[in-house]
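Structure first, commentary second.
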Amino acid sequence: MSHDISQSISQRSSGEKDQENHRIQQIGDELKRRCQLHETQSGNSESNVSIFEIEQREAESMAKENSYWIPMNNVFSLGVPGPSGNENDTYIKDNTIFKVNNLLNSQGICNLFNKIILHNTIFPETFYYFYGITGYDGRSIFPIFKQDLIKNAVPATTIEIETYMAAIGFTKDNNEGRFSNDVYIVWDVVPRNVLKDVDGDLYVIDAEIKYK
């Protein structure tokens, strides 16, 4: 199995990364605002409609209004299908990997946006850029993010992961793959989510993160 992951994007300025995090934050804030407005305007008339469903419809409307809607039938144009996990389907094109997130681990799009911003803050070497939203009209939708691609990477060992996390200021908790510092708790930092390139550099490509 290929273990291609995202390339370190040190060639991109910190200013560009700050702007992208700000853009993701703005999209998330606008989505929250629309969801709250929708709930207020609907009152009890949509008592059987879940918050998740409201978020999906509002996110679909936003994507179409702002030209980042990608019909599901066009997803394969992103690139060649790559390795997929329980949360992302991936597509590879040139030096970029696109990740279509199914929201299984994030409990909603706004929560996913928040996690992406935290990931970008803690692990800038595997910085996520928001690309768009895909899905079928009026049905489930899936955010798409992209990263730079790195080839010929292999899963890091548990010892390598623990050494790396200690080097960036995190302390190992009792549970495997779980670390914390004064600000964040990070978990699921296990070999399938941490890869090593040919130079021995480690890249955390995915993790669950929250404020402490």
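What the table below lists for this structure:
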read-out: Radius, Kirkwood style, for region 153-212 when every pair of distinct Cα atoms is counted (Å); value: 11.4
read-out: Filter on K93/K210; K64/K115; K93/K212; K32/K196; K32/K93; K32/K146 - keep pairs with C-alpha separation over 29 Å; value: K93/K210; K93/K212; K32/K196; K32/K93
read-out: Burial ordering of M72, M165, fewest other beta-carbon atoms within 10 Å first; value: M72, M165
read-out: Unit charges on C-beta of K, R, D, E only; dipole of region 102-212, Debye; value: 340
read-out: Listed peptides 106-112, 79-85, 57-63 by packing density, highest first (mean Cβ within 10 Å); value: 57-63, 106-112, 79-85
read-out: Dipole of the chain, positive direction: furthest Cα of V75, A207, N95, with charges on the beta-carbon; value: V75
read-out: Proportion of all alpha-carbon pairs of region 99-184 beyond 21 Å (%); value: 45
read-out: Residue order, fewest to most surrounding Cβ atoms within 10 angstrom, among D173, D197; value: D173, D197
read-out: Long-range Cα-Cα pairs in the chain (distance over 29 Å), rounded percent; value: 27
read-out: Residue order, fewest to most surrounding Cβ atoms within 10 angstrom, among V186, V49, V198; value: V198, V49, V186
read-out: Given charges at beta-carbon only (K, R positive; D, E negative), |dipole| of the chain in Debye; value: 160
read-out: Signed unit charges on C-beta, dipole axis of region 10-163, positive-most listed residue T157, F142, I116; value: F142
read-out: Trypsin sites (Lys or Arg not before Pro) lying in DSSP loop within region 87-151, provided at most 11 other Cβ fall within 10 Å; value: R139
read-out: Local net charge near E87, Cβ-Cβ under 14 Å (Lys/Arg +1, Asp/Glu -1); value: -1
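Each reported figure results from applying straightforward, stated rules to the coordinates on display, with no laboratory input. Owing to the predicted nature of the structure, the values given are computational and were not obtained by experimental measurement. Ideal geometry is used to build each Cβ from the backbone, glycine not excepted, and the neighbour counts take in all protein chains shown.
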